[in-house]
Structures are given as structure tokens and as C-alpha cells.
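This report concerns only the one structure given below.
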Amino acid sequence: MPSADSSATYRRSLDWIAIAAGILAILVAGYLTIVHYQDGLLVCSVVEGCETVQQSEYAEIGPFPVALLGLLASVAMLALAVLRMKVPGYRFAAGAALFGMLLASVLYLGYLTYLELVVIDAICQWCVTYFGIVLIWAILEGWRMWRNLFADGGEFEED
């Protein structure tokens, strides 16, 4: 069994990875939100299609850009990651809420990627980047949740 010091160091490293993922997600979603309102700022260098995706009917839910939804979700998820790190009493609850939000985000982003590929017939490199960040973050959080729930032969271990 690992020592308490190595376990705390390991947990702290995972906390910082989650915070870094949250910051990256906010940066990408923030950029996509800005370019939704300022078309001239959109830079699409790897693949062509960012403009097509940004101007499609699927880029908005009512009056709100989908990118803004991603930005707000990213801010909330980063807040949960910081809460988990800073307030030990909420570590499991914040981690579970974070994983739930990430899982919902992956499902929705998977749907949006399907729309890009099949319906819109265009790919936005920034949307794919955002999806990649959230997917990797969700996998890491899922592994962390699994480890917390089933550590030591099935006994719950609070990080």
C-alpha cells in the first residue's frame, strides 16, 4: 500500500492536471465564443470548414452559441476541480459532479461531432480540439473515480 505522502502527492498531481485541462478547455471554448460574434477572428489552418460549422444552424441553441454553453460548462468544471483540491470535505462530491459533467459533455460533443461529419459535412479544428481536451479529461476523471470507489479490494477510499 502506498504511503500517505506518496498518495497525497499523486492526488495533488491529478488535481493539477484537472485544473490545466479546465484552463485549456476555457481557452478553446472562449475563443470559439468570441469568434461566433466576430467572424474575422476565426483562424482555421489545419482543415477547412470552421466557418461552415460556425455558421451552421447547429452552432446555436436558441439565441445562444453552443460555444458559450461549452465555455460555461468548462468554467463550472474548473470550479469543481478547484473545489475538490481546496476543500477536502467536498473532495468526493466535487469529483463525482465533475465526472458527471464531463460524461454529459463527452456525449453531447460526440453528437456535435457526428453532426459535423454527417450532416454539416465540415470539420472545425477548434471543436475537435475542445472535444479532445474534454475526452481526455473525462477519461482521467473516470479512472480516478474508479480508483476511488474500488481501491483496496472494493472499499471506498477518499483520494
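Might you let me know whether the stretch 9-31 holds any residue that is of a type in the set (S, T, Y), buried (at least 18 other Cβ atoms within 10 Å of the Cβ), modelled with pLDDT under 95 and assigned to a helix (DSSP H, G or I)? Show your work before the answer.
To start, the set of residues in the stretch 9-31 that are of a type in the set (S, T, Y) comprises 9-10, 13, 31.
With buried (at least 18 other Cβ atoms within 10 Å of the Cβ) added as a condition, the list becomes 31.
Restricting the remaining residues to those that are modelled with pLDDT under 95 gives 31.
Then keep just the ones that are assigned to a helix (DSSP H, G or I); that gives 31.
Yes; the residues of the stretch 9-31 include at least one that is of a type in the set (S, T, Y), buried (at least 18 other Cβ atoms within 10 Å of the Cβ), modelled with pLDDT under 95 and assigned to a helix (DSSP H, G or I).
Conditions first: (1) touching a residue at least 24 places away in the same chain (Cβ under 8 Å); (2) over 28 Å from R147 (Cβ atoms). A18 passes all but one, so which condition is the exception?
(2)
Give the stretch 114-137 a look and list any residue that's hydroxyl-bearing (S, T, Y) and surrounded by 19 or more Cβ atoms within 10 Å (Cβ to Cβ), or say none. Can you show your working first?
Keep residues of the stretch 114-137 that are hydroxyl-bearing (S, T, Y), which gives 114, 129-130.
Hit for the stretch 114-137 is Y130, nothing else.
Among what's in the stretch 11-49 and is among the polar types (S, T, N, Q) and over 21 Å from the mean Cα position of the chain (by Cα), pick the residue that is farthest from A76 (Cα to Cα). Walk me through it before giving the result.
Quick first cut of the stretch 11-49, residues among the polar types (S, T, N, Q) only: 13, 33, 38, 45.
From what is left, the residues that are over 21 Å from the mean Cα position of the chain (by Cα) are 38, 45.
Values: Q38: 25, S45: 30 Å.
This residue is S45.
Testing A79 on (1) surrounded by fewer than 18 Cβ atoms within 10 Å (Cβ to Cβ); (2) under 16 Å from I17 (Cα atoms); (3) touching a residue at least 24 places away in the same chain (Cβ under 8 Å); (4) not hydroxyl-bearing (S, T, Y), one condition comes back false. Which one is that?
Condition not satisfied by A79: (3).
The values are calculated or read from the model by the stated rules, or taken from the named source; none is laboratory data. Quantities reported herein were computed from a predicted structural model and do not represent experimental measurements. Here Cβ is always computed from backbone atoms with ideal geometry, including for glycine, and neighbour counts include all displayed protein chains.
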